[in-house]
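The values are calculated or read from the model by the stated rules, or taken from the named source; none is laboratory data. Nothing here was measured: the structure is a model prediction, and the numbers come from that model. Cβ atoms come from the backbone with ideal geometry, glycine included; neighbour counts cover every protein chain shown. SASA here: full protein model, heavy atoms, side chains in, ligands and nucleic acids out. Shrake-Rupley method; radii C 1.70, N 1.55, O 1.52, S 1.80 Å.
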Amino acid sequence: MTRQRSGVGPVLAAWATLGLCYALPAAASAEALPEALVKAYQTNPQLNAERARQRATDENVPQALAGYRPQIVASLSAGLQAVRNLLPDNTIQTATLKPWTIGVTVSQTLFNGFRTANSVRVAELQVQSGREALRNVGQGVLLDAVTAYTNVLANQSLVEAQRSNVAFLRETLSITQRRLNAGDVTPTDTAQAEARLNRGLADLNAAEVALAVSQATYAQVIGNAPSALRPAEVVDRYLPKTREDSIAMAIHEHPAVMAASFDVDVASTNIRLAEGALLPSATLQGSVSRSRDSDQTLGTFGTDQASIVANVTAPIYDGGQAASQTRQAKEVTAQSRLVLDQVRNQARTAAVSAWVANEGAKIAVSASESEVKAATVALQGVQREAAGGQRTTVDVLNSQADLIQARARLIGALRDRVIASYTLLSAVGHLDVKTLSLNTPDYLPEVHYHQVRDAWQGLRTPSGQ
């Protein structure tokens, strides 16, 4: 427990020191960051759309497995046929026939150059790649949720800070006007105080606009408008201890790298799939049929047939199509390997950047806290000196401006500190429900996969659609 609090306590204390914890009407109405992440994980349209895409990808496997199964086709034909026959004695015979035929044909592929087996392998690898892509999208959604949450929290805090600044500047202007009436200051002091007040009002308006934008983004990502938000915690306890560990985890465990690795396997298997077109194929076909007509003058009134036929074909020359497809598959495989190298390099760079940013955010928070404390002491001193006539009004205004800027930097540093920790967790591929221990069931794509993999028939999806 002590280890977990080591990275969280200072940040929460800093939020509380700034007064960023809003008074909550009831504990149940407050929304903490883990609760917001649960909502985003369950309802985010982007993530749900990716899950639907993955379920569609799962269907590639039963489609490929269909190559092992027999194909059964039933046929039925019926119609009217007018016949006019000229006989040897120059007489004419006419009739209206009503022929019909019904039949069933069963076809079974015995060998097709291992194309069915390779198609199944490709489909299974595509499922594996799709799962990693889904996991990567889930990481992005959770990180977007963290960013949206902390932006609202920071902008709320900045609005409160600007409101306090405006209240201070109004009081300073009022004091300056009273001192002007008493003859202690000049009209210049009053004009300076009024100018700073107007600037403060403009800064407050800008902060309120930024808050409105962040609230809209929050609703888009999380699924509901923000209410009372609690200070966000960092996730240092889940992070790697060194930069080298971060890099190793990123290049081996990040879902983008895993997906690219499966894509290489898909491309390699497609080579064998293309080569299968150059091999012979064998099929077995059985059929039964019955046909009837209504012409009594014909030699036969109806025909019943049953047959079983084995068919073996071997390609000799197809104009070079199969050879071209094989060469193409080899080039795509080479491209996939280069893409894998590129993704690994990107993962390595992202891990280093996230590690450095997280370490820098720690220093920024510490420095900003010290700056706020020093600026607060300086303002108090300048106010006392101004009351004694040793400082001017503009000195007080400048000192207040330094304090509000320091508080704004601390608000930004606290926000960046939280986002940086989650960004590093995402960079190493561990920003997920299981790692964060969120109070929601984890979406398991393999459940749907096993539901449809061996399905021989049925039009409804497992969800009943």
More than 30 Å from Ala117 (Cα to Cα), polar (S, T, N, Q) and either buried (at least 20 other Cβ atoms within 10 Å of the Cβ) or at pLDDT below 95 (or both): does that describe Thr242?
yes
In this structure, is Gln346 touching a helix residue (DSSP H, G or I) at 6+ places or on another chain (Cβ under 8 Å) and open to solvent by 60 Å² or more (accessible area, probe 1.4 Å)?
yes
Failed criterion for Ala232 (all others in (1) over 24 Å from the mean Cα position of the chain (by Cα); (2) buried (at least 20 other Cβ atoms within 10 Å of the Cβ) hold)
(1)
Inside segment 1-79, counting only helices (runs of 4 or more DSSP H) that do not spill past its ends, which hold 3 or more residues that are under 30 Å from the mean Cα position of the chain (by Cα), at pLDDT 75 or above and under 30 Å from Leu134 (Cα atoms)?
33-43, 45-58, 60-65
So for segment 444-464 (the condition being within 19 Å of Leu37 (Cβ to Cβ) and either without any contact (Cβ under 8 Å) to a residue 24 or more places away in the chain or buried (at least 21 other Cβ atoms within 10 Å of the Cβ) (or both)), does at least one residue qualify?
yes
Could you say which residue among Gln42, Gln93, Gln63 is under 28 Å from Leu425 (Cβ atoms), polar (S, T, N, Q) and touching a residue at least 40 places away in the same chain (Cβ under 8 Å)?
Gln42
Quick one: which residue in Arg272, Arg290 is basic (Lys, Arg) and either closer than 30 Å to Tyr149 by Cβ or crowded, with 16+ Cβ neighbours inside 10 Å (or both)?
Arg272
Residue check: is Arg327 modelled with pLDDT of 90 or more and of a type outside the set (Asp, Glu)?
yes
Cβ-Cβ distance below 9 Å, separation of 6 or more or different chains: which pairs start in segment 315-344 with a residue that is without any contact (Cβ under 8 Å) to a residue 60 or more places away in the chain and of a type outside the set (Lys, Arg) and end on one that is assigned to a helix (DSSP H, G or I) and open to solvent by 80 Å² or more (accessible area, probe 1.4 Å)?
Pro315/Leu278; Asp318/Leu278; Ala322/Leu278; Ala323/Leu278; Thr326/Leu278
Within segment 382-407, restricting to residues that are at pLDDT 85 or above and of a type in the set (D, E, K, R), the one that is most open to solvent (accessible area, probe 1.4 Å) is Arg384
For segment 105-164, name all the residues that are over 27 Å from Val452 (Cβ atoms), of a type in the set (Ser, Thr, Tyr) and either in contact with a Phe, Trp or Tyr (Cβ under 9 Å, 6 or more places away or on another chain) or crowded, with 21+ Cβ neighbours inside 10 Å (or both).
Thr147, Tyr149, Thr150, Ser157
